[in-house]
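Asker: First, the structure itself, so that you have it in front of you.
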Amino acid sequence: MKPLAYRMRPKNLNEVVGQQHLIGPGKIIRRMVEARLLSSMILYGPPGIGKTSIASAIAGSTKYAFRKLNAATDGKKQLQQVAAEGKMSGTVVLLLDEIHRLDKTKQDFLLPLLESGQIILIGATTENPYISISPAIRSRCQIFELKPLSATDAAQAIDRALADEENGLGKYNVELTDDARALLIEKGNGDLRSTLNSLELAVLSTKQELKDKSQDDSKIVITQKEMADSIQMKTQNFDASGDSHYDLVSAFQKSIRGSDTDAALHYLARLIESGDLISICRRLAVIAYEDIGLANPPAAEHAIMAIQAAQMVGLPEARIPLANAVIELALSAKSNSAISAIDAALTDVRSKKNDPIPANLKDAHYAGAKKLGHGVNYLYPHDYANDWIAQQYLPDNLRHASYFAPKGNSKIEARYKAIYQKLKQMQADNLD
C-alpha cells in the first residue's frame, strides 16, 4: 500500500493545504489554471510543504497528463518518453524534482520543448533557484517561493486524512487526543509528508497492538504515548497548547542570554532527550544572532557550523557540537543591538509614510532611466578617498533616522560603534 501522504495528494487546487499566497482565490497560480494559461514554473522551499502537491493539483485541475521525474536520477531517455507523450497529447505537465541538479545534456533537450509548450515544466527544489539553477532554464520559468506550513495547515491536513475513507484513515475510526495531535504537529515542523506518514504509522501500529492484545479495535484512540512511540520521540510533557515545549525552549534561550552555562546545558539535555533536534537547531540559530550578535560574530558563526554538524550526524552524536556551541554562546559577550535596530526600522516602515527612494539611488540599468532622472548624480563611493563620499541614502522623511544603537559590550562591537558614530557625524556635517 502506498504511504498516506501519497494517497492524500490533492487532485485539484482546492485540496491543497497552505500556500494560499499562490493558489488562493485570485492568486497567481489559480489564475493561470482558471485561465488555462499555464507556463513553466519553479517551486522552491523546504521539503514536504507542497511542491509536489501543487504540481499534482495543477495537472488534475487542467486534466493534463502528469509525470514526475528526478533531475538527478532520471536520464535523457525518461525525458524523451515524456516528450513523446506531450507530442501525442499536446501538452504534458512534468514535475522535475531536484531541478537544481539538471545537467547540461538534459537542459539542452528540455529547452525547445519548454519554448513550444509541449512540456509544461514544474521544477521543484529546496535550493535558491536564483543561485542554483541555470539562467537558461530560469528565464523560461516563473519562480514561486513556497512558505512553511503553519500548525493550522497541518491540523487541516490531519483532519482531512482522518475523515477520508477512500484514500485516508477514515475507515479506522481514529480519534487523536489533543496532546497527541500537538506532538504530531510540532514534530512534523511544517513537513506535511512526514506528518501524515507518522500519523499513519501511529494508527496502524496501535491497531495491530490492540489486535495482538485481543482488545476491541473498532475505535482507535491515539494518545500522546502512542504518538511519541510511533515517531520515536520522548514527549517532555507536551500538552495540547504546546506550552510545555515552548516553556522549555524559552528557558533554554534565557539561560544562554543570562550567561548561565549549567542551566543552558540542563535545558539542552532535556531537549536532546525529547529527540527534538529540529527545535534545538532552530532556536540555537536564533540565539546566536539575537542575543550574542555583534558582540561576538565569530561565536555566532561557530554556532551555525555546530548546527550544520549536528544535522549531518544526527542524534545522539549531535549532542557534541551542540554542547560546544551552547557553552561558547553562554560564556560570550552579549548584544541585542542588531535585532533592536531592525525592529526600529520595521516600526518606521509600518507606521510612517514611505517616501520615494532618492532618485540618484534608483536603478539605471535600462534604456530611458536617465530621462527619468534615475541614477543621475549618484556618487560612486569607490571613486573617492577611503571608498566613502557623503550623499543621502534614506528617503527625505527619514533622512535623520538612526536605528543602530550599539552597546559596545565587547571590543568588536565597540569598534563597530565608533565607526558608526563617526560615519553618521561625517554624513551630517556634509549634508545638513
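The values are calculated or read from the model by the stated rules, or taken from the named source; none is laboratory data. It should be emphasised that the depicted structure is a prediction, and the values quoted were computed from it without experimental measurement. Glycine gets a Cβ as well: all are built from the backbone with ideal geometry, and neighbour counts include every protein chain shown.
Asker: For the stretch 29-51, indicate whether the set of residues that are part of a loop (DSSP other than H, G, I, E, B), β-branched (Val, Ile, Thr) and either on the phi < 0 side of the Ramachandran plot or in contact (Cβ under 8 Å) with a residue 12 or more places away in the chain (or both) is non-empty.
Answerer: Taking the stretch 29-51 as the starting set, the residues that turn out to be part of a loop (DSSP other than H, G, I, E, B) are 35-40, 45-50.
Cutting the leftovers down to β-branched (Val, Ile, Thr) gives us 49.
Adding the requirement that they be either on the phi < 0 side of the Ramachandran plot or in contact (Cβ under 8 Å) with a residue 12 or more places away in the chain (or both) leaves 49.
Yes: one or more hits.
Asker: Let me confirm something: among ASN377, ASN386, ASN409, which residue is in a loop (DSSP other than H, G, I, E, B), out of contact with any Gly (no Cβ under 8 Å at 6 or more places or on another chain), of a type in the set (S, T, N, Q) and surrounded by fewer than 11 Cβ atoms within 10 Å (Cβ to Cβ)?
Answerer: On the way: ASN386 fails: in a loop (DSSP other than H, G, I, E, B); ASN409 fails: surrounded by fewer than 11 Cβ atoms within 10 Å (Cβ to Cβ).
Testing whether each residue is in a loop (DSSP other than H, G, I, E, B), out of contact with any Gly (no Cβ under 8 Å at 6 or more places or on another chain), of a type in the set (S, T, N, Q) and surrounded by fewer than 11 Cβ atoms within 10 Å (Cβ to Cβ) leaves just ASN377.
Asker: Just give me the residues in the stretch 102-131 being under 25 Å from the mean Cα position of the chain (by Cα), free of Cβ contacts under 8 Å to residues at least 60 places away in the same chain and within 17 Å of SER40 (Cα to Cα), in sequence order.
Answerer: Scanning the stretch 102-131 gives LEU102, TYR130.
Asker: Output the number of residues of the stretch 23-48 satisfying the condition of being farther than 24 Å from ILE278 by Cβ and either in contact with an Asp or Glu (Cβ under 9 Å, 6 or more places away or on another chain) or crowded, with 21+ Cβ neighbours inside 10 Å (or both). It would help to see each step written out before you state the result.
Answerer: Pass one, the stretch 23-48, residues farther than 24 Å from ILE278 by Cβ: 23-42.
Going one step further and asking which of them are either in contact with an Asp or Glu (Cβ under 9 Å, 6 or more places away or on another chain) or crowded, with 21+ Cβ neighbours inside 10 Å (or both), we end up with 23, 29, 40-42.
Looking only at that region, the number is 5.
Asker: Take the residues in the stretch 219-243 that are in a helix (DSSP H, G or I) and exposed (fewer than 15 other Cβ atoms within 10 Å of the Cβ), then tell me which one is modelled with the highest pLDDT.
Answerer: Quick first cut of the stretch 219-243, residues in a helix (DSSP H, G or I) only: 224-230, 243.
Filter once more, so that each one left must be exposed (fewer than 15 other Cβ atoms within 10 Å of the Cβ): 225, 243.
Numbers: LYS225: 82, ASP243: 53.
Ranking the qualifying residues of the stretch 219-243, first place goes to LYS225.
Asker: Looking only at the stretch 53-81, how many residues end up being part of a helix (DSSP H, G or I) and surrounded by fewer than 21 Cβ atoms within 10 Å (Cβ to Cβ)? Don't jump to the end; show me each part of the working.
Answerer: Restricting attention to the stretch 53-81, the residues satisfying the condition of being part of a helix (DSSP H, G or I) are 53-62, 76-81.
Imposing the further condition that a residue be surrounded by fewer than 21 Cβ atoms within 10 Å (Cβ to Cβ) reduces the set to 60, 62, 76-78, 80-81.
So the answer is 7.
Asker: (1) polar (S, T, N, Q); (2) over 23 Å from MET32 (Cα atoms); (3) loosely packed, with under 13 Cβ neighbours inside 10 Å: which one isn't true of SER116, the others all being true?
Answerer: (2)
Asker: Pick from the stretch 132-155 the residues that are free of Cβ contacts under 8 Å to residues at least 12 places away in the same chain and either touching a Ser or Thr at 6+ places or on another chain (Cβ under 7 Å) or of a type in the set (Ser, Thr, Tyr) (or both): which of them is farthest from ASP178 (Cα to Cα)? Quick ask: steps written out before the conclusion?
Answerer: First pass over the stretch 132-155, keeping only residues free of Cβ contacts under 8 Å to residues at least 12 places away in the same chain: 135, 139, 152.
Subset that is either touching a Ser or Thr at 6+ places or on another chain (Cβ under 7 Å) or of a type in the set (Ser, Thr, Tyr) (or both): 139, 152.
Numbers: SER139: 47, THR152: 14 Å.
By that ranking, first place goes to SER139.
Asker: Any residue in the stretch 319-327 that is of a type in the set (A, V, I, L, M) and under 20 Å from GLY408 (Cβ atoms)?
Answerer: Kept after step one, since they are of a type in the set (A, V, I, L, M), are these residues of the stretch 319-327: 320, 322-323, 325-327.
Within this subset, residues satisfying the condition of being under 20 Å from GLY408 (Cβ atoms) are none.
No, that holds for no residue.
Asker: Something else: Suppose we keep only residues that are surrounded by fewer than 16 Cβ atoms within 10 Å (Cβ to Cβ) and hydrophobic (A, V, I, L, M, F, W, C) within the stretch 266-284. Which one would you say is nearest to GLU186 (Cα to Cα)?
Answerer: Selected residue: ILE278.
Asker: Considering only residues that are at negative phi, out of contact with any helix residue (DSSP H, G or I) (no Cβ under 6 Å at 6 or more places or on another chain) and either modelled with pLDDT of 85 or more or not β-branched (Val, Ile, Thr) (or both), which ones fall in the stretch 112-128? I'd like the intermediate steps shown before the answer.
Answerer: As a first pass, look at the stretch 112-128 and keep what is at negative phi: 112-116, 118-128.
After this cut, where a residue has to be out of contact with any helix residue (DSSP H, G or I) (no Cβ under 6 Å at 6 or more places or on another chain) as well, the list is 112, 114-116, 120, 126, 128.
Across the stretch 112-128, the qualifying residues are PRO112, LEU114, GLU115, SER116, ILE120, ASN128.
Asker: Taking SER89 as the residue in question, decide whether it is closer than 30 Å to ASP229 by Cα, loosely packed, with under 14 Cβ neighbours inside 10 Å, touching a residue at least 12 places away in the same chain (Cβ under 8 Å) and among the polar types (S, T, N, Q).
Answerer: On the way: closer than 30 Å to ASP229 by Cα: no; loosely packed, with under 14 Cβ neighbours inside 10 Å: yes; touching a residue at least 12 places away in the same chain (Cβ under 8 Å): yes; among the polar types (S, T, N, Q): yes.
No; evaluated as a whole, the condition is false for this residue.
Asker: Which condition from (1) surrounded by 13 or more Cβ atoms within 10 Å (Cβ to Cβ); (2) touching a Phe, Trp or Tyr at 6+ places or on another chain (Cβ under 8 Å) is the one that ASN128 breaks?
Answerer: Condition (1) is where ASN128 drops out.
For every residue, the table says whether it meets (1) in contact with a Pro (Cβ under 8 Å, 6 or more places away or on another chain); (2) among the acidic types (Asp, Glu).
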| position | (1), (2) |
| --- | --- |
| ALA330 | no, no |
| SER335 | yes, no |
| ALA344 | no, no |
| ASP363 | no, yes |
| GLN391 | no, no |
| SER402 | no, no |
| ALA405 | no, no |
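Asker: Right, here's the next one. Within the stretch 179-200, does at least one residue satisfy the condition of being assigned to a loop (DSSP other than H, G, I, E, B), in contact with a Lys or Arg (Cβ under 8 Å, 6 or more places away or on another chain), surrounded by 17 or more Cβ atoms within 10 Å (Cβ to Cβ) and at pLDDT 80 or above?
Answerer: No.
Every residue, every condition in (1) among the aliphatic types (A, V, I, L, M); (2) under 30 Å from GLN308 (Cβ atoms); (3) assigned by TED's automatic domain parsing to the domain that holds ALA303, yes or no:
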{"residue": "ILE327", "(1), (2), (3)": "yes, yes, yes"}
{"residue": "ALA344", "(1), (2), (3)": "yes, no, no"}
{"residue": "ALA390", "(1), (2), (3)": "yes, no, no"}
{"residue": "ASN397", "(1), (2), (3)": "no, no, no"}
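Asker: Restricting to the stretch 328-341, count the residues that are within 16 Å of ARG283 (Cβ to Cβ) and surrounded by fewer than 16 Cβ atoms within 10 Å (Cβ to Cβ).
Answerer: The qualifying residues number 1.
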